[in-house]
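Data first, discussion second: the structure below is written as structure tokens.
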Amino acid sequence: MHQINCPWCGKRDEAEFQYQGDASVTRPKPNASEEAFFNYVYMRENPKGWHTEWWHHVSGCRQWVKVVRNTATHEVHTTGKPHDKLSKPKAGGRK
């Protein structure tokens, strides 16, 4: 079982969390075009490797956690609060 380091609760089993989506995309401004919102909602990549994601600690503090995770190995590199800027490891690199 993999673990996720919640910034509020510490290390917890991944089973306490629920994946909530891509944290690398930015919501368009309210006056953006319909196409911009369409692209934001539907046009997502399916990356292999390190990716920044949203996870929700549903069986714990119920806070949102930003996670850098490898989509091929499920290894978690780093975690943070929603406004934290997290870096990914260099290509082929580990922690």
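Since every read-out is calculated from the coordinates, none of them should be taken as a lab result. These numbers were taken from a predicted model, which means no experiment stands behind them. Cβ placement follows ideal geometry from the backbone for every residue including glycine, while neighbour counts extend to all protein chains displayed.
Structural remarks
- Cysteines in the chain lacking any other cysteine Cβ under 4.7 Å from their own Cβ: Cys61.
- Rough spin-label spacing in nm, given labels placed 7 Å along Cα→Cβ, for Val25 and Trp8: 2.6
- Applied to region 22-32, the Karplus parametrisation 6.51 cos²θ - 1.76 cosθ + 1.60 on θ = phi - 60° returns per-residue 3J(HN,Hα) values of 6, 9, 9, 9, 10, 5, x, 4, x, 8, 5 Hz, with x for Gly and Pro.
- Region 1-52 - Debye-derived log10 I(q)/I(0), Cα point model, q = 0.21, 0.26 Å⁻¹: -0.87, -1.04
- Relative frequency of Cα-Cα separations exceeding 16 Å in the chain, percent: 57
- Cα-based Lys pair tally, the chain, threshold under 19 Å, eight or more apart or on separate chains: 14
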